[in-house]
Amino acid sequence: MKKAAACMLTAVMLVCMTGCGSLTNGKRIVRVSHAQSETHPEHLGLLAFRDYVEEHLGDRYEVQIFPNEILGSAQKAIELTQTGAIDFVVAGTANLETFAGVYEIFSMPYLFDSEEGYKAVMQDTDYMERVYESTDEAGFRVVTWYHAGTRNFYGKKPIRSPEDLKGMKIRVQQSPASVAMVKAFDAAAAPMGFGEVYTAIQQGVIDGAENNELALTNNKHGEVAKYYSYNRHQMVPDMLVANLKFLNSLSPEEYQVFKEAAALSTEVELKEWDRSIEEAKDIAAHQMGVEFLEVDVDAFKQAVLPLHAQMLKENPKIGELYDHIQAVNRQTKGEP
Ligand code: GCU
């Protein structure tokens, strides 16, 4: 798998050295990279993206989708999108934190009070467009978002209370805010790429990780970690990121088609999400022997709530979005 990925990467880089945005049969090849399997809702959303673009601009563009980190792990694939070797990549906001500080906000634990509030914020395209422009200087821009569920802890032993996390070594995404969160639980944070997690748990390098339920099945973590605790600490979206030069090279009509295709991919992804979570839970519980634990969410929340004030103090870039999200939280609860 690693070897195949390396070959593919070399191929893409070679193509790029001879001129990014290669043409085949007179068509511009548009490369889209993501980290998930072909049954994941994001892949299904991206198939709709491809079909929409090719239906409207098929004489000029051919969209090629590369799943399973074939073109590189999130960090690597973002770099390739910066240079234009790849045109689009799906990346969690955790991976964008180092490019634009505002994205740190999504790693703040217990930021959203409900899934309803979370979706209301993310679907507000006018507001989010301003956030999306924050990586322009880095050479890429977000074009849409994907639901990536609620993140929860899971491990080789049951985590029933915040105290159980003490001393455990937990994999987090390569995000400073997530590292701080795990430390606030008195656990040790092990930041690493998504593709390395399975072996790290299996070999005992880490005691557990945190993610949505699809990690148990699509990424097979349920084979090596048998306890999944619903402590619900984060809702971290995934973003479809585009190379900025590519976006700017499009005519206004073409740009419109790509934007519509992106919006459609989100619609499809959201529709697929709940069904795939139910399916994943069923497979994890009945075929992999994973035990799902309901825990006292408030106990976990109280342990890390001081991080809100700390993060707001350390990173002024998240202040405005934080206030906006708190207002949406209140609205969703019917508060003034
Ligand atoms: C989820 C998320 C990915 C992220 C991954 C991870 O699968 O959708 O964007 O990279 O978790 O924890 O690394």
Checked region 71-82 for anything more than 13 Å from residue 141 (Cα to Cα), of a type in the set (S, T, N, Q) and in a helix (DSSP H, G or I); matches are 75
Hey, among 156, 183, which residue is closer than 24 Å to residue 277 by Cα and open to solvent by 30 Å² or more (accessible area, probe 1.4 Å)? 156
In this structure, is residue 119 free of Cβ contacts under 8 Å to residues at least 24 places away in the same chain, closer than 28 Å to residue 219 by Cα and open to solvent by 40 Å² or more (accessible area, probe 1.4 Å)? no
Can you tell me which residues in region 53-78 are open to solvent by 50 Å² or more (accessible area, probe 1.4 Å) and away from the ligand (no atom under 15 Å from the Cβ)? 54, 55, 56, 59, 60, 62, 64
Which numbered condition residue 216 misses (of (1) in contact with a Leu (Cβ under 9 Å, 6 or more places away or on another chain); (2) part of a helix (DSSP H, G or I); (3) hydrophobic (A, V, I, L, M, F, W, C); (4) open to solvent by less than 10 Å² (accessible area, probe 1.4 Å)): (1)
If I ask for residues that are outside any loop (DSSP other than H, G, I, E, B) and among the β-branched types (Val, Ile, Thr), which ones from region 155-212 would you list? 170, 172, 179, 182, 197, 199, 201
Kindly indicate whether any position in region 37-50 is within 16 Å of the ligand (Cβ to nearest atom), among the small types (Gly, Ala, Ser) and not in a loop (DSSP other than H, G, I, E, B). yes
Taking region 195-249 only, how many residues are of a type in the set (Ser, Thr, Tyr) and under 23 Å from residue 50 (Cβ atoms)? 1
State yes or no: is residue 319 surrounded by 15 or more Cβ atoms within 10 Å (Cβ to Cβ), assigned to a helix (DSSP H, G or I) and small (Gly, Ala, Ser)? no
Going by the conditions given, is residue 152 more than 25 Å from residue 99 (Cα to Cα) and within 13 Å of the ligand (Cβ to nearest atom)? yes
In region 84-133, anything more than 15 Å from the ligand (Cβ to nearest atom), among the charged types (D, E, K, R) and outside any helix (DSSP H, G or I) is listed as 87, 113, 124
If we ask which residues in region 272-300 are farther than 17 Å from residue 232 by Cα, open to solvent by 40 Å² or more (accessible area, probe 1.4 Å) and of a type in the set (A, V, I, L, M, F, W, C), their number turns out to be 1
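The values are calculated or read from the model by the stated rules, or taken from the named source; none is laboratory data. Note that the structure is a prediction, hence the values are computed from the model and not measured. Counting neighbours? That spans all protein chains shown, and the Cβs are built from the backbone with ideal geometry, glycine included. Ligands, DNA and RNA are stripped out before the accessible areas are found, and what is left, the full protein with its side chains, is counted by its heavy atoms. Shrake-Rupley method; radii C 1.70, N 1.55, O 1.52, S 1.80 Å.
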